[in-house]
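The values are calculated or read from the model by the stated rules, or taken from the named source; none is laboratory data. Quantities reported herein were computed from a predicted structural model and do not represent experimental measurements. Here the Cβ positions follow ideal geometry from the backbone for every residue, glycine too, while neighbour counts run over all protein chains shown. Surface accessibility is based on the protein's heavy atoms, side chains included, excluding ligands, DNA and RNA. Shrake-Rupley method; radii C 1.70, N 1.55, O 1.52, S 1.80 Å.
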Amino acid sequence: MTQMDIFPWHARFATGIEVIDVQHRRLVELLNRLASQAASPLSIGALSQILDELTEYASYHFETEESIWREFLPDDPLTHEHHLSHRSFESEVRALQQGTDTLLVEEVTERTLAFLTGWLISHILESDRYMACLVSARERGLTGEAAQAHARECMGSAGQDLSDIVLAIYAAHSQGTLRLIREVQAHRQAEQALALVRSRLMNILDGTNAVVYVSGMNTHEVLFVNALGRRVLGDVVGKICWQTIQQDMNGPCSFCTNSRLLGAEGLPTAPVVWEHFNPRLNRWYQLHDQAIPWDDGRYVRLEIALDITEQKRLEQSLRDSEERYRLIFEQSRDALMIAEPPDWRFTAVNPAMLELFGAASFDDVRVLTPIDLSPPTQPDGRPSSECAWELIDIAMREGTWYGEWTHRRLDGRDMTCTLLLTRTVIAGRAVIQGTVRDITEQKMQQQQLERIAHYDPLTGLPNRVLLADRLHQALANSQRHGTMVAVAYLDLDGFKEVNDRYGHDSGDRLLVAIANRMRHALRETDTLARLGGDEFVAVLVDLDSPDACMPLLTRLLDAASAEVSVKDVPLVVSASVGVTFYPQRVPIDPDQLLRQADHAMYQAKLAGKNQYRVFDAGRETPLVSL
């Protein structure tokens, strides 16, 4: 706030004696300083200092004046009176000094201001001015009555001077009052702004989803707590933190961070962030402790406590889940692997994975990728590397991929496996988990079952089931490409006699030998099937005309009639063959074709055997499918 002089210096205070005027200015300065400090709470020390300065001032000021009286006015009757006024001033100042021991500071201050104001007016305008007028008269050569008359004449204007001084003081006080009003208004505005800031700060602190409290670092007294803190801890302001917050403790907490909040130079260190479980509240908190300056100049501890109980529960749940996953991963009978981008090397495998691929430890596969555990190509002929990246991309985009994959063990043996690729997230990273099952034996069993279901167990030729499928395919292909299909029904001549004479074993060996010869007599695109006993069917495809199959039929007859040695016994049989063609003038199905060929085969037998006959679809009534 701007200092305002309640008693400003006025030109009429000047006596014309420079040394006296300088000392009078000093008295006015002391008076205004006392008034300025009295506007705010004045300490006893500050008041005593001003009174001591007044005593010192009076000593040298009065000595100066009295020396002037002795020099210029030794015989003036007012000299003694002037001397007594000085002693009176000194006595009053001593009384004021003594009053500081028994009276209130404000009361002593007010008495001092009143005394100095009266003294200033009376002493300067009366006594000191009269002295100055006499000195001026003596310096002009006047003596006695003439000098006193001159002094009285000078004093005649004292009333006007006093009036001028009072008016000047009033004007100064008016201006000072206006400045004071403005400063008071500015002060009020500042207080309102400060109150608004404090209100906002309290709203922020009370709206924070954390306990915020301040405590003394030496006293441990709680100095502040926000709204959430009051709801959680109660009204703990003014209480000792370790007594109210921890309750069960007999002294400051062993985990208190106060000693870590100030450095060696007594200045705040970086905030201390730590976690703590409060048994009283049965809650976990993350604490942010920091030393901050308080309004009394000391450093105090600011603690912000975030409730992380739910986070802790989730973390524990995650750890439990990870442990369960680890146990499942380790104990699974399926081979499990984890591969991570960007190079998709294995980062984890389970014991079943090591056993399946013939690895002694994880170090054997640590630097490998799924491609390194695969043959160069897959069964469909595509490169394993190309297929692997494609399947990983599908799994990353769609979440999973499942299918069959051919893997290669470290010993070089290939195995057919089912492979499940699953995208999962571990530690914030998207990875691929592979689940591998070796189905090589199952595939072999499946293939055997399929062979049993579709192939004749004795000769290895397709059976009735596979013949029906091949015949349907052949007819469909004939329609697409405009070619012909020949269906030849073949029955061995004399086989029953061989079987009866030499036994079933020799008969079976004969069948196997003849079947192999007839299969080699046909083209790779043709099909030779055994229906049972000594009956066979040949499906000849991609024929341009009926004549195109005649050489094939001749080779079949030759293969069937060639001698076969079984147990050093030469065995000879022949074959009768009936042939029909597709397409025909009218729609016909596979069963009808077989019936036509069978009918033609019997015609060949009747004609003398070891020959073929062609079914004449133009002369015969078409067979009707049952």
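Mind checking which residues of the range 458-475 are without any contact (Cβ under 8 Å) to a residue 60 or more places away in the chain and open to solvent by less than 80 Å² (accessible area, probe 1.4 Å)? If you could, list the steps in order and put the result at the bottom.
First pass over the range 458-475, keeping only residues without any contact (Cβ under 8 Å) to a residue 60 or more places away in the chain: 460, 465, 469, 473.
Across the range 458-475, the qualifying residues are GLY460, ASP469.
Quick one: what pairs do we get from the range 50-65, first residue within 16 Å of TRP119 (Cα to Cα) and without any contact (Cβ under 8 Å) to a residue 60 or more places away in the chain, second of a type in the set (S, T, N, Q) and open to solvent by less than 30 Å² (accessible area, probe 1.4 Å), C-beta under 8 Å, 6+ apart or different chains?
Here the result reads TYR57/GLN23; HIS61/GLN23, each pair linking the range 50-65 to a residue that is of a type in the set (S, T, N, Q) and open to solvent by less than 30 Å² (accessible area, probe 1.4 Å).
If a residue must be part of a helix (DSSP H, G or I) and either open to solvent by less than 30 Å² (accessible area, probe 1.4 Å) or farther than 30 Å from LEU47 by Cβ (or both), how many such residues does the range 77-87 contain? Walk me through it before giving the result.
Kept after step one, since they are part of a helix (DSSP H, G or I), are these residues of the range 77-87: 78-87.
From what is left, the residues that are either open to solvent by less than 30 Å² (accessible area, probe 1.4 Å) or farther than 30 Å from LEU47 by Cβ (or both) are 78-82, 86.
Number satisfying all stated conditions: 6.
Determine the pairs where a residue that is farther than 24 Å from ARG470 by Cβ, located within the range 440-457, has a partner that is outside any helix (DSSP H, G or I) with Cβ atoms under 7 Å apart, the partner being 6 or more residues away or on another chain.
Once the first residue is farther than 24 Å from ARG470 by Cβ and sits in the range 440-457, its partners that are outside any helix (DSSP H, G or I) give THR440/MET415; THR440/THR416.
Name the single residue that is farthest from GLU153 (Cα to Cα) among those in the range 112-125 being of a type outside the set (Phe, Trp, Tyr), at pLDDT 75 or above and open to solvent by 30 Å² or more (accessible area, probe 1.4 Å).
This residue is LEU113.
What residue, of SER478, SER506, is surrounded by fewer than 21 Cβ atoms within 10 Å (Cβ to Cβ), among the hydroxyl-bearing types (Ser, Thr, Tyr) and farther than 30 Å from VAL572 by Cβ? Steps first, answer last, please.
Values: SER506 fails: farther than 30 Å from VAL572 by Cβ.
None of the others qualify; the one that does is SER478.
Considering only residues that are open to solvent by less than 20 Å² (accessible area, probe 1.4 Å) and over 13 Å from PRO590 (Cα atoms), which ones fall in the range 481-490?
LEU490 - this is the single residue of the range 481-490 that is open to solvent by less than 20 Å² (accessible area, probe 1.4 Å) and over 13 Å from PRO590 (Cα atoms).
Are any residues in the range 367-381 open to solvent by 20 Å² or more (accessible area, probe 1.4 Å), among the hydrophobic types (A, V, I, L, M, F, W, C) and in a helix (DSSP H, G or I), and if so, which ones?
Within the range 367-381, ILE371 is the sole residue that qualifies.
Take the range 63-76 and flag every residue that is modelled with pLDDT under 80, among the hydrophobic types (A, V, I, L, M, F, W, C) and part of a helix (DSSP H, G or I).
Matches in the range 63-76: TRP69, PHE72.
How many residues are under 19 Å from ASP438 (Cα atoms), open to solvent by 80 Å² or more (accessible area, probe 1.4 Å) and either touching a helix residue (DSSP H, G or I) at 6+ places or on another chain (Cβ under 6 Å) or not in a helix (DSSP H, G or I) (or both) when one looks only at the range 318-366?
Count: 2.
All but one of (1) in a strand (DSSP E or B); (2) open to solvent by 80 Å² or more (accessible area, probe 1.4 Å); (3) of a type in the set (A, V, I, L, M) hold for LEU419; state the number of the condition that does not hold.
The single condition LEU419 does not satisfy is (2).
Which of the strands (runs of 3 or more DSSP E) found entirely inside the range 495-584 contain at least 3 residues meeting this: among the hydroxyl-bearing types (Ser, Thr, Tyr) and at pLDDT 95 or above? Quick ask: steps written out before the conclusion?
Numbers: elements: 527-532, 535-543, 564-566, 569-571, 574-582.
Passing ranges, in order: 574-582.
Restricting attention to the range 240-292, which residues are among the charged types (D, E, K, R) and either touching a His at 6+ places or on another chain (Cβ under 9 Å) or crowded, with 16+ Cβ neighbours inside 10 Å (or both)? Steps first, answer last, please.
Of the range 240-292, the ones among the charged types (D, E, K, R) are 248, 260, 265, 275, 280, 283, 289.
Once the filter is applied, which keeps residues that are among the charged types (D, E, K, R) and either touching a His at 6+ places or on another chain (Cβ under 9 Å) or crowded, with 16+ Cβ neighbours inside 10 Å (or both), the range 240-292 yields ARG283, ASP289.
For the range 88-107, what are the residues that are outside any helix (DSSP H, G or I) and either exposed (fewer than 12 other Cβ atoms within 10 Å of the Cβ) or touching a strand residue (DSSP E or B) at 6+ places or on another chain (Cβ under 7 Å) (or both)? Show your work before the answer.
To start, the set of residues in the range 88-107 that are outside any helix (DSSP H, G or I) comprises 100-104.
Result: ASP101, THR102, LEU104.
Select from the range 1-29 the residues that are at pLDDT 80 or above and in a helix (DSSP H, G or I) and list them in ascending order.
If the condition is that a residue be at pLDDT 80 or above and in a helix (DSSP H, G or I), then GLU18, VAL19, ILE20, ASP21, VAL22, GLN23, HIS24, ARG25, ARG26, LEU27, VAL28, GLU29 are the ones that fit.
Looking at the range 572-594 only, could you name the residues that are touching an Asp or Glu at 6+ places or on another chain (Cβ under 7 Å) and open to solvent by less than 40 Å² (accessible area, probe 1.4 Å)?
Initial filter on the range 572-594 (touching an Asp or Glu at 6+ places or on another chain (Cβ under 7 Å)): 572-576, 578.
Listed by number, the residues that qualify are VAL573, SER574, ALA575, SER576, GLY578.
A quick yes/no check of all residues on (1) at positive phi; (2) at pLDDT 95 or above:
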residue	(1), (2)
ASP438	no, no
GLU441	no, no
GLN448	no, no
ALA453	no, no
PRO457	no, no
GLY460	yes, no
LEU471	no, yes
GLY482	yes, no
ALA486	no, yes
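Just name the residue that is farthest from GLN592 (Cα to Cα) out of those in the range 451-483 that are charged (D, E, K, R) and in a helix (DSSP H, G or I). Don't jump to the end; show me each part of the working.
Within the range 451-483, the subset charged (D, E, K, R) is 451, 456, 464, 469-470, 480.
Next, from what is left, pick out any that are in a helix (DSSP H, G or I): 451, 464, 469-470, 480.
Numbers: ARG451: 26, ARG464: 15, ASP469: 15, ARG470: 15, ARG480: 21 Å.
Per the criteria, the residue is ARG451.
Would you be able to tell me the number of residues in the range 488-506 that are on the phi > 0 side of the Ramachandran plot and in contact with a Ser or Thr (Cβ under 8 Å, 6 or more places away or on another chain)? Full working, then the answer.
So in the range 488-506, the residues on the phi > 0 side of the Ramachandran plot come out as 494, 503.
Restricting the remaining residues to those that are in contact with a Ser or Thr (Cβ under 8 Å, 6 or more places away or on another chain) gives 494.
The number of residues fulfilling the criteria is 1.
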